[in-house]
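Peer 1: Mind looking over this structure? Questions follow.
The values are calculated or read from the model by the stated rules, or taken from the named source; none is laboratory data. All figures in this text were calculated on a predicted structure; none of them were measured in a lab. Glycine gets a Cβ as well: all are built from the backbone with ideal geometry, and neighbour counts include every protein chain shown.
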Amino acid sequence: MKPILLIIALLAAVQFSCSRIENQVVITGQFSGDIPDSFRHTLPVNSTSYEGFYGSVTPDTSGNFKVMIDTDRPALINFLYLGSPSLIIEPGNHYEITLALKPDGSLELGGDLSRAQEVYSALPHQHPMSCLYSYGEEFTNYHSIKQNLTDDMQKEISLLNDLYDQGLITEQVLDLLVTDRRIYYHTAMSVLASRNNLHYMSEDGKVPDEVFELWKEAAYGVPRSGDFFLSSFYSWYYLQMCFFYNTYTTFDFDDFNQLRARRRAGGTIHSHNIELAGEYMEGDVLEFFVAGSFYYQHMRREYDKDMVMLFEQFKGDFPQSRYIPFVETTLEEMVERQNEMN
């Protein structure tokens with residue numbers, strides 16, 4: 001190799017190595033109390049935080065563990081215990097934490113935490129899809145519930161802005177956390193509207209206009225163009241609620257039910273969902289939603305041959321997708337579960 005080419009190659013290797021170090025995050029910690037054999041954590045694939053894209057940790061007999069993650073931007077890592085806060089990470093940092101199960105089954109995050117992490121952890125993390133809020137009766141008082149959700153969201157955003165003003169977080173971390181809380185509360189508002197829609201449809205089929213006004217406000221409340229739109233642990237579920245809003249406002253209710261019945265009978269209900277998603281989403285958002293849909297169906301114990309065909313379609317539409325290995329694992333687990341049932 002000519003000297004100049006050798007120098008260029010060496011410089012490129014050094015630059016790549018430095019880049020990897022700058023993007024590497026190290027999390028060391030101890031799981032106290034009842035130590036699990038292993039536990040899962042989200043991986044920031046394309047800067048997302050979704051339970052279907054995960055790594056696994058095996059603590060030693062004392063509960064000690066270590067996690068290595070690559071990310072080129074701030075991210076949220078969730079340890080996949082329902083109702084637990086995510087860990088805020090930034091490229092190049094080392095975090096020393098403790099994990100402990102609380103009586104309600106959620107995870108307590110402790111250790112050498114930043115002030116920003118303490119504030120964020122103290123915010124509500126009950127999954128917004130549960131719609132279990134202490135704001136009042138959801139079918140007769142949804143106006144005031146929505147207002148309370150909005151007020152709580154604004155208070156939290158104000159707290160996060162205070163952290164930024166005090167120099168405790170960067171502008172990127174502020175953007176990440178504000179987006180996360182907006183998605184959290186707009187998902188909750190969407191669930192509130194959805195439950196009211198189903199309630200009124202089951203009563204007399206007459207849904208007040210205010211219900212869909214609430215749902216529209218929620219469905220368009222978080223811009224999809226934002227840098228951290230897919231980075232919240234709740235992003236996939238927010239998109240799902242937006243999907244339902246678009247569907248219910250596009251189709252006549254009875255006509256849609258008949259269409260779904262035909263697709264279900266033909267074993268193509270999942271492909272119909274993906275077809276509809278392609279009308280409501282595009283680009284990175286569509287890729288994320290479709291990839292996450294495989295794991296969602298796996299959690300619901302719903303599997304059929306339609307899913308395999310959809311995966312081949314997904315690989316064709318997104319041949320370079322970083323989600324493909326995770327979807328492959330999900331499908332393998334689906335097939336194994338199905339074989340166990342037969």
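Peer 1: With farther than 30 Å from Asn257 by Cα and touching a residue at least 40 places away in the same chain (Cβ under 8 Å) as the only criterion, which of Gln172, Gln166, Gln240 stands out?
Peer 2: After applying the criteria, what remains is Gln172.
Peer 1: Among the residues of the stretch 287-319, count how many are assigned to a loop (DSSP other than H, G, I, E, B), more than 20 Å from Gly267 (Cα to Cα) and over 21 Å from the mean Cα position of the chain (by Cα). Walk me through it before giving the result.
Peer 2: So the first thing to find is which residues in the stretch 287-319 are assigned to a loop (DSSP other than H, G, I, E, B), and the list is 300-304, 318-319.
Applying the additional criterion that residues be more than 20 Å from Gly267 (Cα to Cα) yields 318-319.
So of that shortlist, the ones also over 21 Å from the mean Cα position of the chain (by Cα) come out as 319.
Total meeting the criteria: 1.
Peer 1: Taking Leu123 as meeting all but one of (1) closer than 20 Å to Pro85 by Cα; (2) modelled with pLDDT of 95 or more; (3) outside any loop (DSSP other than H, G, I, E, B); (4) not small (Gly, Ala, Ser), write down the number of the exception.
Peer 2: (3)
Peer 1: Hey, Glu22 hits all of (1) assigned to a helix (DSSP H, G or I); (2) modelled with pLDDT of 95 or more; (3) more than 21 Å from the chain's Cα centre (by Cα) but one; which does it fall short on?
Peer 2: Glu22 satisfies all of (1) assigned to a helix (DSSP H, G or I); (2) modelled with pLDDT of 95 or more; (3) more than 21 Å from the chain's Cα centre (by Cα) except (2).
Peer 1: Continuing with this model, one more query. Evaluate the stretch 206-218: report whether one residue or more is surrounded by 13 or more Cβ atoms within 10 Å (Cβ to Cβ) and assigned to a loop (DSSP other than H, G, I, E, B).
Peer 2: Checking the stretch 206-218: at least one residue is surrounded by 13 or more Cβ atoms within 10 Å (Cβ to Cβ) and assigned to a loop (DSSP other than H, G, I, E, B).
Peer 1: It is to be established whether one or more residues within the stretch 179-197 are surrounded by fewer than 17 Cβ atoms within 10 Å (Cβ to Cβ) and not aliphatic (A, V, I, L, M).
Peer 2: Scanning the stretch 179-197, I find at least one residue that is surrounded by fewer than 17 Cβ atoms within 10 Å (Cβ to Cβ) and not aliphatic (A, V, I, L, M), so the answer is yes.
Peer 1: Return a yes/no flag: does the stretch 284-301 have any residue that is at pLDDT 95 or above and either assigned by TED's automatic domain parsing to the domain that holds Leu82 or among the charged types (D, E, K, R) (or both).
Peer 2: Yes, some residue in the stretch 284-301 is at pLDDT 95 or above and either assigned by TED's automatic domain parsing to the domain that holds Leu82 or among the charged types (D, E, K, R) (or both).
Peer 1: Also, quick follow-up: Those residues that are surrounded by fewer than 21 Cβ atoms within 10 Å (Cβ to Cβ) and part of a loop (DSSP other than H, G, I, E, B), I need them from the stretch 51-70; list them, please.
Peer 2: Within the stretch 51-70, Glu51, Thr58, Pro59, Asp60, Thr61, Ser62, Gly63 meet the criteria.
Peer 1: Then there's this: Anything in the stretch 150-193 that is of a type in the set (Gly, Ala, Ser) and in a helix (DSSP H, G or I)? List them, or say none.
Peer 2: Matches in the stretch 150-193: Ser158, Ala188, Ser190, Ala193.
Peer 1: Okay, next question. Would you check which residues across the stretch 228-259 are part of a helix (DSSP H, G or I) and at pLDDT below 90 and list them?
Peer 2: Within the stretch 228-259, Phe253, Asp254, Asp255, Phe256, Asn257 meet the criteria.
Peer 1: Something else about it: Being touching a Ser or Thr at 6+ places or on another chain (Cβ under 8 Å), at pLDDT below 95 and not hydroxyl-bearing (Ser, Thr, Tyr) is true for just one of Leu101, Leu82. Which residue is that?
Peer 2: Selected residue: Leu82, the only one of Leu101, Leu82 that is touching a Ser or Thr at 6+ places or on another chain (Cβ under 8 Å), at pLDDT below 95 and not hydroxyl-bearing (Ser, Thr, Tyr).
Peer 1: Gly283 versus (1) on the phi > 0 side of the Ramachandran plot; (2) over 26 Å from the mean Cα position of the chain (by Cα): which is the lone unmet condition?
Peer 2: Result: Gly283 passes all but (2).
Peer 1: Among the listed residues Glu171, Glu210, Glu217, identify the single one that is acidic (Asp, Glu) and at pLDDT below 95. Outline the logic, then answer.
Peer 2: Values: Glu171 fails: at pLDDT below 95; Glu217 fails: at pLDDT below 95.
Unique residue meeting the criteria: Glu210.
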